[in-house]
1. Based on what the data block shows, is Ala17 small (Gly, Ala, Ser), closer than 30 Å to Glu511 by Cα, away from ligand 1 (no atom under 16 Å from the Cβ) and buried (at least 16 other Cβ atoms within 10 Å of the Cβ)?
2. I'm checking my understanding of the structure. Among residues of the stretch 306-361 that are farther than 28 Å from Met276 by Cα and touching a Ser or Thr at 6+ places or on another chain (Cβ under 7 Å), which one is least open to solvent (accessible area, probe 1.4 Å)?
3. Which numbered condition trips up Leu3, out of (1) within 16 Å of ligand 1 (Cβ to nearest atom); (2) of a type outside the set (Val, Ile, Thr); (3) at pLDDT below 95?
4. Residues of the stretch 416-443 being in contact with a Leu (Cβ under 7 Å, 6 or more places away or on another chain) and among the β-branched types (Val, Ile, Thr), which ones?
5. Can you give me the number of residues within the stretch 423-444 that are within 13 Å of ligand 1 (Cβ to nearest atom) and farther than 19 Å from Leu255 by Cα?
6. Can you tell which of Ala455, Ala492, Ala488 is on the phi < 0 side of the Ramachandran plot, of a type in the set (A, V, I, L, M) and open to solvent by less than 40 Å² (accessible area, probe 1.4 Å)?
7. Hey, could you check the stretch 21-40 for residues that are more than 16 Å from ligand 1 (Cβ to nearest atom) and outside any loop (DSSP other than H, G, I, E, B) and say which is surrounded by the fewest Cβ atoms within 10 Å (Cβ to Cβ)?
Amino acid sequence: MALDGLRDAHDAWWKSAVVYQIYPRSFADSNGDGIGDLAGITARLDYLKELGVDVLWLSPVYPSPQDDNGYDISDYRDIEPLFGTLADFDRLLASVHERGMRLVMDLVVNHTSDEHPWFRESREGPNSAKRDWYWWRPARKGGDATGEGAGSESAGLVSAGSESAGSESAAPNNWGSFFSGSAWQHDVASGEYYLHLFSPKQPDLNWENPQVRQAVYALMRWWLDRGVDGFRMDVINLISKDPDLPDGALHGDGLYGDGSPYYICGPRVHEYLQEMHREVFAGRPERLLTVGEMPGVTLEHARLFTDPARGEVDMVFQFEHVGLDFGRSKFDVRPLRLTDLKASLGRWQSGLAEVGWNSLYWNNHDQPRIVSRFGDDGPEHRVRSATMLGTVLHLHRGTPYVYQGEELGMTNAPFASIEDVHDIEARGHYAQAVRAGEDPARVLDGLRARGRDNARTPMQWDASEHAGFTTGIPWLPVNPNHTTINAAAAVADPESVYHHYRRLIALRHSEPAVVHGDFTMLLADDERLYAFTRRYRDTTLLVLANFTGEAVPVPADLAAEWADVPLVLGNAGPIDATVLRPWEARVHRRV
Ligand code: TEU
Ligand code: CA
């Protein structure tokens, strides 16, 4: 393993790779049922190959009741019938490999679906052989197990505290779930509760139990043996909980406690990932990629997780830069300060410079569209702000991830009412906030800015009725702006966001300074310009970007130093060395 580590540290293939995330439900529908599927993806591979991406990551395609759009898995060794069959999967994988690309699966093993056979067996009662595979606990002493949630009984389960939770709750502790309400679900038959950090249909697996860990490693080997090229590991830094499950400090709303100190990067998380690495990855060929999704991960932990010598994961998704514009919650919108963004990304650049590796992302299936968030999605500035944002991200040191439609500059969606909102997190938040007396119109504004459905409207392939996504009725309406923002139009227009992303990806493949160059932040205190250099051997790149809708003068010393240095990429035509146009971005290259 030490040898593995040494090799990886230098030229792991994924350092020069770009990953493209597909949300299968919303990518391409092949059979007119309104839901994207595997055959739809297979039919669109040439588009992705043309874009130039190296790796495709599929959000979950396993059988699932779809309570959280597939992040609730009921069978780890099959394909959800809505998406196709294992034969369709094998065809997709072969077609990806034929084109010289790789395919990474989503691995969701912090929790299963409550309809997974493991949980069904676990729920049979305290003597079930799998009882200990999940986190079952008796009611809190002195709590009133029948008090709250009474009347909302469904299928023998009563939500712990959906009505009157807080300190009187009988739930084993006061933790709130990520999707509103208590993190505990009462099971009437046994009188006990089970832990679910996400929805009640996503019970948390108990990783303390070695049988659980072996079962997970076995399913991972099963997919690798089938030929997949790695995993994106869902909330993998939440798998180790403090087994005492202590109460957390009360949230602002006074209803639930914050359990995160007891499950974010918990006591055994590094041990588990090292064990996983030994049991699943060690001795396999080097073509694999592992990325751990890690909400709340600190730079200090990230360095440990991604130190190749430790054998844990290749890189992590951290969340700092996508939380800088949160107010009291993610739905409470606060404007981004550019200096905060630079301080955060800059800290991660230097923190993982010597050891470890960064992932780079603006978007995924949980985040609002970046052009609507940090750019300007109006007709005048959409293309230029989207290409500026892409340039800044892709020129950092790390592996960039492109989320489907980001390469088209797709925007947030205009949801008219809560009726149009599908996502479980958004609906839960709306219900809780309105119950707590907040103005529904304002809550909806928060959802429009931050709701996960923004990322999940169907891929905009062309200007036709449902954007070429489906011949049927899409499960979530297409964004009306698909008449102008779509792949067909973008491919035909050399100045489109698509072609700019294609050039960014090509630059990474041809220019070692983009992959390996060191990173130096410039103008750290400037609220309008983002500037940095990348230096590798005799090459220096300067990246200069205007994060505003106004022209901004280039500081005189920078202008003088770089005026005659050629551009390798820009988004605004011929440059004026002394001023950046609105949302302009440039990459100069000096040798
Ligand atoms: O998300 C984990 C996560 O912490 C958040 O990004 C989450 O989406 C939520 O917005 C918290 O406010 C992962 C998946 O990416 C997400 O789609 C799943 O819903 C979640 O885990 C549970 O599997
Ligand atoms: Ca379909």
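1. yes
2. Result: His321.
3. Here Leu3 clears every test but (1).
4. Correct list: Ile418, Val421.
5. 2
6. On the way: Ala492 fails: open to solvent by less than 40 Å² (accessible area, probe 1.4 Å); Ala488 fails: open to solvent by less than 40 Å² (accessible area, probe 1.4 Å).
Of Ala455, Ala492, Ala488, the one residue that is on the phi < 0 side of the Ramachandran plot, of a type in the set (A, V, I, L, M) and open to solvent by less than 40 Å² (accessible area, probe 1.4 Å) is Ala455.
7. Among them, the one singled out is Ala39.
Okay, residues lined up against (1) aromatic (Phe, Trp, Tyr); (2) within 16 Å of ligand 2 (Cβ to nearest atom); (3) open to solvent by 10 Å² or more (accessible area, probe 1.4 Å); (4) assigned to a helix (DSSP H, G or I):
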{"position": "Glu50", "(1), (2), (3), (4)": "no, no, yes, yes"}
{"position": "Gly70", "(1), (2), (3), (4)": "no, yes, no, no"}
{"position": "Asp88", "(1), (2), (3), (4)": "no, yes, yes, yes"}
{"position": "His97", "(1), (2), (3), (4)": "no, no, yes, yes"}
{"position": "Asp114", "(1), (2), (3), (4)": "no, no, yes, no"}
{"position": "Arg120", "(1), (2), (3), (4)": "no, no, yes, yes"}
{"position": "Asp132", "(1), (2), (3), (4)": "no, no, yes, yes"}
{"position": "Arg140", "(1), (2), (3), (4)": "no, no, yes, no"}
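The values are calculated or read from the model by the stated rules, or taken from the named source; none is laboratory data. It should be emphasised that the depicted structure is a prediction, and the values quoted were computed from it without experimental measurement. Note that we place each Cβ from the backbone using ideal geometry, even for glycine, and neighbour counts take in every protein chain shown. Keep in mind that these areas ignore ligands, DNA and RNA; they rest on the heavy atoms of the full protein, side chains included. Shrake-Rupley method; radii C 1.70, N 1.55, O 1.52, S 1.80 Å.
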